[in-house]
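> Starting off with a structure, shown below.
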Amino acid sequence: MVPLASTTVSKQRSERRISVRLPLKVRGRDAHGFPFEENTSSENLCRNGAAFITRFDVAIGSDLEIRIPLSQYGSRRAQSERAGSPANGNRFAGSRFNETDFATHGRVVHVCDSESGREKLVGVQFTGPRFQRVFRSESAA
């Protein structure tokens, strides 16, 4: 197996990430300054951040908007975790998203080639609200 090319901000992760696939909607600007929006899924997740695959070239330090649609999970806790209301200044708030979705901002702290080599694996640290849900690792299932 060929090692993946990697660029990382040297900061140790404070929490262990859980391998779980959740749908994500990611918005931001690529490394050339062009805006993008992409539907993807998490590779892993913790309260402070997430990793996901993207087809866009994003730079370390880039700020992204991230939305995780929780409404499909029928969570009772979703109302208390709501981060999509206009009152909190979230630009994701609007009619295209359910009020129970989790919305936050994140800063890109890690970028490397995915196993396919055509996409990037991106790690973000949440700079907005933290993710309060707890999931069991898919590898432990």
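Nothing in this text is a laboratory measurement; each read-out follows from the coordinates by a stated rule. Since the model is a prediction, treat every value here as computed from it, not as a measurement. Quick reminder, even Gly has a Cβ in these numbers, built from the backbone with ideal geometry, and neighbours come from all protein chains shown.
> With each pseudo-label sitting 7 Å past Cα toward Cβ, what's the Ser114-Phe34 distance in nm, one decimal?
Modelled inter-label distance: 1.8 nm.
> Separate question: Place the peptides 29-35, 100-106, 42-48, 110-116 in order of packing, highest mean first, counting for every residue the other Cβ atoms within 10 Å and averaging per peptide. If you can, show how the numbers build up before the last one.
Working: 29-35: 10.9, 100-106: 22.1, 42-48: 19.1, 110-116: 14.9.
Peptide ranking by packing, descending: 100-106, 42-48, 110-116, 29-35.
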